[in-house]
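Before any comments, here is the structure.
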Amino acid sequence: MSHTIWLTGLSGSGKSTIAEIIKKKYGGYVILDGDILRAGLNSDLGFSIEDRSENIRRIIELCRILNENGINVITAFITPLREMRRKVQIKIENCSVISMLISLDECKKRDPKGLYKKAISGEIKDFTGIDSIYENGGPGEYSLYTECPIDVTKLELFDIVERIQKEYE
């Protein structure tokens, strides 16, 4: 049975890296990455809560279509509000959410795209963690600590993914 693994967390929390690790280890997944989709399919959207909600609505529909066609999906989206993530779990039939747990300070240190620097200087508005809220964890979500070394994170990740896969066998 096809399913979706929805990765959520602050910018720099490791969502895209974790998605690639899952795909490499387990195969059989298509990755939908927020940065890539915002450059194309969702290029008309900004970062307000309304635009973020529309972004997620579109991705939910895309995941449903892919799952209905037998394709497993991994998403990597900030998805800042618990309410948004709950909607994801309700609207995508076989969906598991994994929250990246990491401090804002560590994300600022990593800042792979320089986005925190731009948000702090005012170049980017409504940036999650700076001037827009991110709500950690929620009901029915798995938690993955991504502040620790990647080897430790991988072990925990593989345990979570194997539990998810058993749910949908």
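List of remarks:
- Residue count, the range 116-137 (criterion: over 16 Å from Ser48 (Cβ atoms) and surrounded by 17 or more Cβ atoms within 10 Å (Cβ to Cβ)): 1
- Evaluated against (1) in contact (Cβ under 8 Å) with a residue 24 or more places away in the chain; (2) over 22 Å from Asp51 (Cα atoms), Lys87 falls short on exactly one condition, (2).
- Complete set of residues in the range 33-56 that are among the basic types (Lys, Arg) and surrounded by fewer than 18 Cβ atoms within 10 Å (Cβ to Cβ): Arg38
- Which listed residue is within 15 Å of Ser13 (Cβ to Cβ), assigned to a loop (DSSP other than H, G, I, E, B) and not basic (Lys, Arg), from Glu169, Glu123, Glu135, Glu156: Glu135
- Positions within the range 8-35 being in contact with a Gly (Cβ under 6 Å, 6 or more places away or on another chain) and closer than 26 Å to Gly70 by Cβ, in sequence order: Lys15
- Condition met for Ile150 (among the aliphatic types (A, V, I, L, M), farther than 12 Å from Gly9 by Cα, surrounded by fewer than 18 Cβ atoms within 10 Å (Cβ to Cβ) and at pLDDT 95 or above): no
- Among the residues of the range 138-147, none is identified as modelled with pLDDT of 95 or more and surrounded by fewer than 12 Cβ atoms within 10 Å (Cβ to Cβ).
The values are calculated or read from the model by the stated rules, or taken from the named source; none is laboratory data. Quantities reported herein were computed from a predicted structural model and do not represent experimental measurements. Using ideal geometry, Cβ is built from the backbone for each residue, glycine included, and neighbour counts are taken over all protein chains shown.
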